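Student: Next up is a structure, given as structure tokens.
The values are calculated or read from the model by the stated rules, or taken from the named source; none is laboratory data. Note that the structure is predicted; figures quoted are calculated from it, not measured. Because the Cβ atoms are built from the backbone with ideal geometry, glycine has one as well, and the counts that use them run over all protein chains shown. Accessible surface is based on the protein model in full, side chains and every heavy atom, while ligands, DNA and RNA are left aside. Shrake-Rupley method; radii C 1.70, N 1.55, O 1.52, S 1.80 Å.
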Amino acid sequence: MGQDHIRYDILAQDALRGVIRKVLAEVAATGHLPGDHHFFITFLTGAPGVRLSQHLKAKYPEQMTIVVQHQFWDLKVSETGFEIGLSFSDTPEKLVIPFNAVRGFYDPSVNFELEFDVAAGEEESESAEITAYPVSEADEVSSQKSPERPGDSPKGGGGSVVSLDSFRKKN
């Protein structure tokens, strides 16, 4: 197999993160989520560019899941990340999250999930794995019981898994 000079793995990862960027930009433009849509966004708290309070960083030293649903404010989206205001135990917080820090994006209203396997502290990895799959209807019932508080992460499972590992050059 030849050497991948184009780096399809990076292009695919950027394209999938572009889905998140576009969805959040549309929500930021309108100021609300359409229909029943809401998002679980899991990110690495120690990744470069992530900004959150010391209290949240101490509580979630590795990763954190936020829920964007009813109460959020000041959502701003750029090419590289987003800022959002959320309340944690009645304390308002501002979070800055680069798209490269996002490990997962899940919209249970339509059973859509993206997962990114990113090591903590890495800006661009040659071994990053991307998985995108729809959640099966059986998992829809379990997603109704999904955690609704930051720090807990929704579980996908089931569905069709698309892994890019088989296309990577093995060293």
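Student: Would you be able to tell me the number of residues in region 7-20 that are part of a helix (DSSP H, G or I), open to solvent by 60 Å² or more (accessible area, probe 1.4 Å) and not aliphatic (A, V, I, L, M)?
Tutor: Residues that pass the stated criteria total 2.
Student: On to the next question. Do you know which residues across region 25-39 are open to solvent by less than 30 Å² (accessible area, probe 1.4 Å) and touching a helix residue (DSSP H, G or I) at 6+ places or on another chain (Cβ under 9 Å)? Can you show your working first?
Tutor: Taking region 25-39 as the starting set, the residues that turn out to be open to solvent by less than 30 Å² (accessible area, probe 1.4 Å) are 27, 33, 38-39.
Correct list: Leu33, Phe39.
Student: Only one of Ser89, Ser53, Ser78 is more than 22 Å from Pro108 (Cβ to Cβ), among the polar types (S, T, N, Q) and in contact with a helix residue (DSSP H, G or I) (Cβ under 9 Å, 6 or more places away or on another chain); which? If you could, list the steps in order and put the result at the bottom.
Tutor: On the way: Ser89 fails: in contact with a helix residue (DSSP H, G or I) (Cβ under 9 Å, 6 or more places away or on another chain); Ser53 fails: in contact with a helix residue (DSSP H, G or I) (Cβ under 9 Å, 6 or more places away or on another chain).
The conditions single out Ser78.
Student: Right, next: Is it the case that Ser87 is in contact with an Asp or Glu (Cβ under 9 Å, 6 or more places away or on another chain) and of a type in the set (S, T, N, Q)?
Tutor: So Ser87 fits the description; yes.
Student: Right, next: For region 30-139, which fully contained strands (runs of 3 or more DSSP E) count at least 1 residues that are under 16 Å from the mean Cα position of the chain (by Cα), modelled with pLDDT of 95 or more and closer than 30 Å to His5 by Cβ?
Tutor: Output list reads 39-44, 81-88, 91-98, 102-107.
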